[in-house]
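Computed from the coordinates by the stated procedures, all read-outs in this text should not be read as laboratory data. All figures in this text were calculated on a predicted structure; none of them were measured in a lab. Positions of Cβ are backbone-derived with ideal geometry, glycine not excepted, and every protein chain shown enters the neighbour counts.
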Amino acid sequence: MAHDDKTEQATPRRRQKAREKGQVARSRELPSAVAGFAGLMVALSLAESSLKTWRTVWRQWTELAWSSDFDLASPIATKAALLALGWSLPPLVVAWAAAVGVTLAQGGLVFAGEALVPKLERLSPANRLGQMFSVAGLSAPAKSLIPFSILLYLGGSVLLRDWETLARAVTLPRLALVNLLYRDVFEIAWKSTLTLLLWAAVDYLLQHRKLASDLRMSKQEIREEYKETDGHPSIKARIRRLQRQLRRRRMLQEVEHATVVVTNPTHFAVAMEYKPEMAAPVVIAKGCNQLAERMKRIAYWHEIPVLENKPLAQALYRTVEVGQTIPAKLYVAVAEMLAYLYRAQMRAQQAAAGGRR
């Protein structure tokens, strides 16, 4: 009942942490079963082509042993050894490649340093006895009895089927006896390897299901993991608040370089910069309410023109982001405002020059 609350599938982070600890769904029987089946198929495919060669070598071997003293250093013995090596090497290579491929397919290469750390409880005889006589400890031998019983049944059924023929084997011609033995051995071999392969596949599915069950999480664990990975909501809110403050501080500094500040006049303020080499004016700062008031104070302090234009200020605030140029539909309104501003500045300069004269 301790795991009744763990109703959710494991998250990718939980699976990754389990993999780092060496917890990967693997079947120890699957690589050996696939290797045995693949090696047997390759050996049987090569048996037909090498059968004539084996018969020739066997006949030469028996004739040599009948006519003279047999020596393992003789050429026929060397030839037989090379033939056996050439016949057995491809199945062994294929079996090794199949075992490595299946091992990698089950979970890849996993180096879990934590699993190599020595633990004193592993050396405790009491714990070891408890594991041996536990449900998990007894399930492994019991699980091995199932495929063993199937293999015993398959082998026994083949022998019982041909028992009458085998009982009078001494009366059979040599070629008929060899064919009978070859057929029975072949049948028992491919049925046994196929049975082990199917059982290993079932074992892998059971291991995969068990690991998924062991890694299941409760909703509380998922929430805690979310806090660890994405941060606590209060911390995230504080970070966002600090980021907004930083953006506002930078934006207020940009107001000092503005060409004009357009206001609502009390709710919105938009600061624009325009130079002759620019294609269109650029919005360098905008704000509403208290931020708009601060922008106007900075503009007054640095003698930047502040013009009131309610429709234009609202349109710029709602449609243009900081750092963007004004849209084409506002060119006329902004151009008229800038022209008015430049004329006013020129009149002020001329008046100042006339007053000095």
* Can you sort Tyr331, Tyr274 by how many other beta carbons sit within 10 Å, fewest first? -> Tyr331, Tyr274
* Under 5 Å, built H, 5+ apart or other chain: amide partners of Ile284 -> Ala271, Met272, Glu273, Gly323
* Asked: Could you give me the ³J(HN,Hα) list for the stretch 84-98, computed from phi with Karplus coefficients 6.51, -1.76, 1.60 and θ = phi - 60°, whole Hz, x at Gly and Pro?
  -> 5, 5, x, 7, 8, 5, x, x, 5, 5, 5, 5, 5, 5, 5
* Do you know the relative contact order of the stretch 253-356, to the nearest whole percent, from alpha carbon pairs under 8 angstrom that are 6+ apart? -> 28 percent
* Say the cut-off is 29 Å between C-alpha atoms; which of Lys236/Lys329; Lys21/Lys143; Lys210/Lys236 go over it? -> Lys236/Lys329; Lys210/Lys236
